[in-house]
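Here the structure is laid out as structure tokens; the discussion comes afterwards.
The values are calculated or read from the model by the stated rules, or taken from the named source; none is laboratory data. Because the structure is predicted, anything quoted here is derived from the model rather than measured. Using ideal geometry, Cβ is built from the backbone for each residue, glycine included, and neighbour counts are taken over all protein chains shown.
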Amino acid sequence: MNCYNFRYYCDSPEIDLQTQQPLGCEEAKKFIKVNCYPVANICCDGVLHTGSSVGFQLDVPCKYTNGKKFNIALLLSIFVGFLGADRFYLGYPALGLLKLSTFGFMFLWVLVDIIFIALQVIVGPSDGSNYIIDYYGPVLENVEKNNETHLFRTT
């Protein structure tokens, strides 16, 4: 039987302190591999494991970051968002100038930007990378639904 079907534990990935992502996370790579160990006295894949022998490697997702911090973007949006500072910081100079010249569309755009940045949707760094957020911090994940998503049990 496959080791995925039994109890196991995996190593925590080594975290890069600059990017707060696993070491080896690059723009082209969406996953890194970590070693996983089946618990002692489990026989899977034809091997009796001791609890300290590697049984398989698990893919751990990683997000490419390029230097834009979530907390700085949110604070800029809250305190000087009407001047467009958050948009300049995230790499949108044209939108920053528009926001500056209209005082954030009379603060309406400021409020919308605060909500979007806080929810980590729509507004992100202009290069398509992700915000730098603590690896074990409050990261929101997008949950997608497709034809293979099971919403209800049919049996």
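Restricting to region 129-149, count the residues that are surrounded by 10 or more Cβ atoms within 10 Å (Cβ to Cβ) and not β-branched (V, I, T).
Count: 7.
Of (1) modelled with pLDDT under 95; (2) surrounded by 13 or more Cβ atoms within 10 Å (Cβ to Cβ); (3) within 21 Å of N142 (Cβ to Cβ), D59 satisfies all except one. Which?
Of (1) modelled with pLDDT under 95; (2) surrounded by 13 or more Cβ atoms within 10 Å (Cβ to Cβ); (3) within 21 Å of N142 (Cβ to Cβ), only one is false for D59: (2).
Taking the residues in region 12-44 that are within 21 Å of N2 (Cα to Cα) and not in a strand (DSSP E or B) as candidates, determine which candidate is nearest to the chain's Cα centre (by Cα).
For region 12-44, the residue satisfying everything is V39.
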